Amino acid sequence: MNPVASRPANHPRFLLFLICAFASAGQLAIDLYVPALPEMAIDYATSAQAIQTSVTGYLIAYAFGQLVFGPLADAYGRKRILMLGLGLFTLGCVLSLAAPNLETFVAARVLQGFGIAATNLLAKAIITDSFAGQALVHAYTYMAIAWGLAPIIAPVIGAHLQEAFGWRSCLVFLLIYSLAMWAILWRYRETLEQPVQLHPVTLLKNARMVLASPVFQSCFLAQGLCYSILLVFNIVGPFMVQNTLHQPPTFFGYLALAIGMMYFLGGISNRIHHRRLPTAEQRLRIGARVMTAAAFAMLALGLTVGLQVWTLISPVLVMAFCAGAMYPTLMAKGNSIFPHIAGLTSAILGFALLLVSSGMMGLAGFVSIQSLTPLAVFFCIVGLTVIAMIGKLLQHLQTAPAPAPASLQVRPSEKP
């Protein structure tokens, strides 16, 4: 019997609201407190590299959490696993507020990252459960826009909270947000139509199938590198702006606001369609090339002008727009290749791209905050790799057999 047949369907608008709220939670939990990293380093009497481990540890736990929650959600349903993950995140929020030292704080952040993995992961799985065709791409566009709104709003909120009440007020905000997600989850009705047996042999077989897909391989690396551009700026930027350029936390907050807005506009650009405009695949190629050109422009500015606010921010604005424009298409293509195991596919893709991002952030921790050139070289390497991955992806998409036509409507939750 269909497990969702006896339940009323979720309204499509409610699903989009849930998807946007849950998808932005993981990013919000990073960007809200990044303007406070320098003050936190002083408060905990530690170095910039040490305090950045709270972000890296969060992301690594976030990545591994998806591998756990994805298969469980395919077997036991989306709602149960969302409750489990959200419970761990809420507990991490409480522990982070009570942390007396850096080690305890990092442990609390790891718990937060592990728990919040369920929300972003299952937001993607719910999209695959509920939408098809062009509606699927549009749903992923809204999700990517919501994800982009977090770096627009969160650093500004965090900077003002820090200046008004201290950096721990950012953690109080996260706790309140987790309670709001509980209220949304209460209204959600299960969307998994057919559970998948949680058997090690089946799980391993399905995982091998996903990992062997050239489309998957290209998508996860390109997505991870695009994502790392924003993350690297958000952990290196505060120290460049506040320590080297001697600007207040709110100044960095508004710089992050501008970058987030450009990412948002890039995502919105996917909603513009015309026969004379480039196709989604052509936009991927254009976006990768423009993003890389902006990175080389930053390198030229670093070698000639040096580190200034405008030489730092201008190229990153262009790169953020390109990343925002490419991300929804990469996400849709990567997550929809195996719709019958959407939870596992989303888990492996999310794990892989966050692992790439965590690795990039770990390397960025050694980037000098006194000069623009090392950061520019880092972005140039990222851009060239994205160009290579986009080229590989498009080549495989051209040679793959054409998919069967899909409905452009929301999938019904009941079958006759």
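The values are calculated or read from the model by the stated rules, or taken from the named source; none is laboratory data. Just so it is clear, the model here is predicted, and its values are computed rather than measured. We place every Cβ from the backbone using ideal geometry, glycine too, and count neighbours over all the protein chains shown. Note: areas computed on protein heavy atoms with side chains; ligands, DNA, RNA excluded. Shrake-Rupley method; radii C 1.70, N 1.55, O 1.52, S 1.80 Å.
See the values below:
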quantity	calculated
The chain: Lys pairs at Cα distance under 23 angstrom, eight or more positions apart or on different chains	7
Dipole in debye (nearest 20) - the stretch 198-356, about Cα centre, beta carbon charges: Lys, Arg +1; Asp, Glu -1	520 debye
Pairwise centroid distance, computed over Cα atoms, of the stretch 89-105 with the stretch 185-218, Å	32 Å
Share of carbon and sulfur in the accessible heavy-atom surface of the stretch 128-271 [1.4 Å probe, %]	70 percent
Linear extension gain, VAL377 paired with MET83, 0.36 nm per residue minus alpha-carbon span	101.6 nm
Estimated FRET transfer efficiency (ASP43, ALA280; beta-carbon r; R0 56 Å; 0.05)	0.75
Accessible area per residue in Å² at 1.4 Å probe, computed on the stretch 215-362	34 Å²
Potential extension, ASN101-ALA300 segment - 0.36 nm per residue separation minus Cα distance	67.5 nm
Computed label-point distance, nm, for sites VAL290 and SER314 using a 7 Å Cα→Cβ extension	1.7 nm
Rounded to the nearest 20 debye, dipole of the chain from Cβ charges on Lys, Arg, Asp, Glu	1180 debye
Using alpha-carbon coordinates, inclination of helix 214-239 to the longest axis of the chain, degrees	30 degrees
Efficiency of FRET between ARG187 and VAL94 - r from beta-carbon atoms, R0 25 angstrom, step 0.05	0.55
Longest DSSP-loop-exposure-free segment, trypsin sites (Lys or Arg not before Pro), the chain, at most 11 other Cβ within 10 Å	1-274
The chain: calculated mean residue ellipticity at 222 nm from DSSP helix runs of at least 4, using -39500 (n - 2.57)	-27000 deg cm²/dmol
